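Following: one structure in structure tokens, then a few remarks.
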Amino acid sequence: MKPTVLIIEDNEKNMYMLAYLLEKSNYKVHKTYNGLDGLNFAHKHHPQIILLDIQLPDMDGHEICVKLRHNGLPKSTTIIAVTSYAMGGDKEKAMEAGADGYIEKPINPDTFVYQMESIHGAKQQN
């Protein structure tokens, strides 16, 4: 059975694309459009994978990542920053906040699911 995925993304087009690609690959997808809703959903339902935008309207994605990691989320949860923040140091900042991986936008529809699965697989090996 495929892992459950929570997407925390405020952009409708990005949300549509991520959800479409994952659902097409038979993932169960849950969508939240801001940080607070994402945190609440994650803590109630414990998805195995969280795809997190860094630039959200109500909270910084790094702050969300720290809160997810330090407030009872299972350690096995894979958090992946999916962001257009691609400046030097942005990946490192996401990883320091607790992300397990980093995928730059715009995503490549042909490789996105594979990238996510690779990061999740590596996390499960640890």
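The values are calculated or read from the model by the stated rules, or taken from the named source; none is laboratory data. Being a predicted model, the structure only gives us computed values, none of them experimental. Cβ: placed from backbone, ideal geometry, glycine included. Neighbour counts: every protein chain shown. Surface accessibility is based on the protein's heavy atoms, side chains included, excluding ligands, DNA and RNA. Shrake-Rupley method; radii C 1.70, N 1.55, O 1.52, S 1.80 Å.
Remarks
- Residues in the stretch 38-60 that are of a type outside the set (Asp, Glu), more than 14 Å from LEU6 (Cα to Cα) and within 14 Å of the chain's Cα centre (by Cα): ILE54, GLN55, LEU56.
- In the stretch 85-107, the residue that is nearest to GLY38 (Cα to Cα) out of those that are outside any helix (DSSP H, G or I), at pLDDT 90 or above and not aliphatic (A, V, I, L, M) is GLY98.
- Test: residue in the stretch 108-123 that is in a loop (DSSP other than H, G, I, E, B) and of a type in the set (Gly, Ala, Ser): no
- Qualifying residues in the stretch 59-72 (those that are at negative phi and assigned to a loop (DSSP other than H, G, I, E, B)) - the one most open to solvent (accessible area, probe 1.4 Å): ASN71
- For beta carbons closer than 6 Å, sequence separation of 6+ or different chains, a first residue in the stretch 40-64 that is within 14 Å of ASN11 (Cα to Cα) and a second that is open to solvent by 70 Å² or more (accessible area, probe 1.4 Å), the qualifying pairs are ILE54/TYR85; ASP58/LEU36.
- Tally of residues being in contact (Cβ under 8 Å) with a residue 24 or more places away in the chain and open to solvent by 30 Å² or more (accessible area, probe 1.4 Å) across the stretch 1-23: 6
- Which numbered condition LEU51 misses (of (1) outside any helix (DSSP H, G or I); (2) farther than 20 Å from GLN115 by Cβ): (2)
- Considering the stretch 73-84, the residues that are outside any strand (DSSP E or B) and over 16 Å from LEU36 (Cβ atoms) include one that is least open to solvent (accessible area, probe 1.4 Å), namely THR77.
- Leading residue by the ranking (most open to solvent (accessible area, probe 1.4 Å)) among those in the stretch 24-48 that are part of a helix (DSSP H, G or I) and among the aliphatic types (A, V, I, L, M): LEU36
- Listed by first and then second residue, the pairs with beta-carbon distance under 6 Å, at least 6 apart or on different chains, first residue in the stretch 107-119 and free of Cβ contacts under 8 Å to residues at least 24 places away in the same chain and closer than 15 Å to TYR27 by Cα, second open to solvent by less than 50 Å² (accessible area, probe 1.4 Å) and not polar (S, T, N, Q), are GLN115/ILE103.
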